[in-house]
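*Asks:* Quick one: the structure is below, questions incoming.
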Amino acid sequence: MMIKILKYCLIILLFNIFNIKQTMSYEEPKYKTIKSTEVYEIREYGDRLAVEIEYSNEGSGFRYLFNYISGENKSSEKVKMTVPVTQSVKIDMTSPVTQSTQDGKMKMQFFLPSKFTLENAPQPTNERVNLIIIKGGFYAIISYSGRLTNKNFSKYYKKLIIHLNKDNIDFIEPAIRATFNGPFTLPIFRRNEIMIKINYNE
């Protein structure tokens, strides 16, 4: 019985190691690390091209974006997956986390590979899906592992905000939830980030 359990654990471990290596092979938007503290770091990003959907709390936008990169576009072109997948999240510090922007909607985005521009990127066929340019700027980032729960997100969001206020750094809501791993990755191996755009002078 013990041998079977050990074999099962080994299979799970090997699967997650493979999953991590696969995730690391995905393209990630380039950035410059400006400052690092024990809690967060400040990064400078350039402009990025993304495909975006806006949706309500009752539905998920993931499948629409996944369909787009799987070939549901005007040129029927498959687009290579990149990381992270991002969601805008409006936070009320005095109540449970709510996943919505101020107008009651969430925005989910897939970044497109750097070879694409607005001119040559596949055009969406679903009218809810849009190609957008995310303007570059400075972001405060806190990284954490663990499950993709609102409770976990709220814990690290509050930690980041406390330290930004302590360091007198002005930030711009909403916060962004950045996910780097697939749904079957064990929590201990996950790379999650919270990104908040900031007003920052080097």
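Read-outs: derived from the displayed coordinates by stated rules, not from any lab. Not measured: the values here are computed from a predicted model. When we count neighbours, we look across all protein chains shown, and the Cβ atoms used for this are built from the backbone with ideal geometry, even at glycine.
*Asks:* Each residue of the range 64-78 in turn: what ³J(HN,Hα) in whole Hz from Karplus with 6.51, -1.76, 1.60 and θ = phi - 60°, glycine and Pro shown as x?
*Replies:* With coefficients 6.51, -1.76 and 1.60, one gets 5, 5, 5, 4, 4, 6, 8, x, 7, 8, 5, 9, 6, 9, 7 Hz.
*Asks:* Shifting gears a bit: 5 Å is the cut-off here: which amide hydrogens, built 1.01 Å from N in the peptide plane, fall below it relative to Gly136, excluding neighbours closer than 5 in sequence?
*Replies:* Close amide H contacts, sequence-distant or interchain: Asp47, Arg48.
*Asks:* Mind giving me the nanometre distance, one decimal, between the label points for Ile188 and Glu119, set 7 Å out from Cα along Cα→Cβ?
*Replies:* 5.1
*Asks:* Related question: Taking the Cβ of each residue in Val85, Val51 as the centre, tally the other Cβ atoms inside 10 Å and list the residues starting with the fewest.
*Replies:* Details: Val85 19, Val51 23.
Exposure proxy ranking, most exposed first: Val85, Val51.
*Asks:* First measure r as the distance between the Cβ atoms of Tyr200 and Lys158, then evaluate 1/(1 + (r/R0)^6) with R0 = 22 Å and state the FRET efficiency to the nearest 0.05. Intermediate values should be presented prior to the final figure.
*Replies:* Details: r = 20 Å, r/R0 = 0.93.
So the FRET efficiency works out to roughly 0.60.
*Asks:* For a 20 Å ceiling on Cα separation, which of these pairs sit above it: Lys32/Lys166; Lys74/Lys115; Lys35/Lys151; Lys78/Lys115; Lys35/Lys166? All intermediate terms of the calculation are to be shown ahead of the outcome.
*Replies:* Working: Lys32/Lys166 23 Å; Lys74/Lys115 18 Å; Lys35/Lys151 27 Å; Lys78/Lys115 14 Å; Lys35/Lys166 15 Å.
Over 20 Å Cα-Cα: Lys32/Lys166; Lys35/Lys151.
*Asks:* So who's got an amide H within less than 5 Å of the one on Tyr31, skipping anything under 5 residues away but keeping other chains? H placed 1.01 Å off N, in plane.
*Replies:* Amide H neighbours of Tyr31, under 5 Å, 5+ apart: none.
*Asks:* How would Met108, Met81 line up from fewest to most surrounding beta-carbon atoms within 10 angstrom? Walk me through the numbers on the way to the answer.
*Replies:* On the way: Met108 21, Met81 18.
Ordered by Cβ neighbours within 10 Å, fewest first: Met81, Met108.
*Asks:* Hey, what do the phi angles of the range 26-38 turn into as Karplus ³J(HN,Hα) couplings, whole Hz, using 6.51/-1.76/1.60 and θ = phi - 60°, x for Gly and Pro?
*Replies:* 6, 5, 10, x, 6, 8, 10, 7, 8, 7, 10, 10, 5
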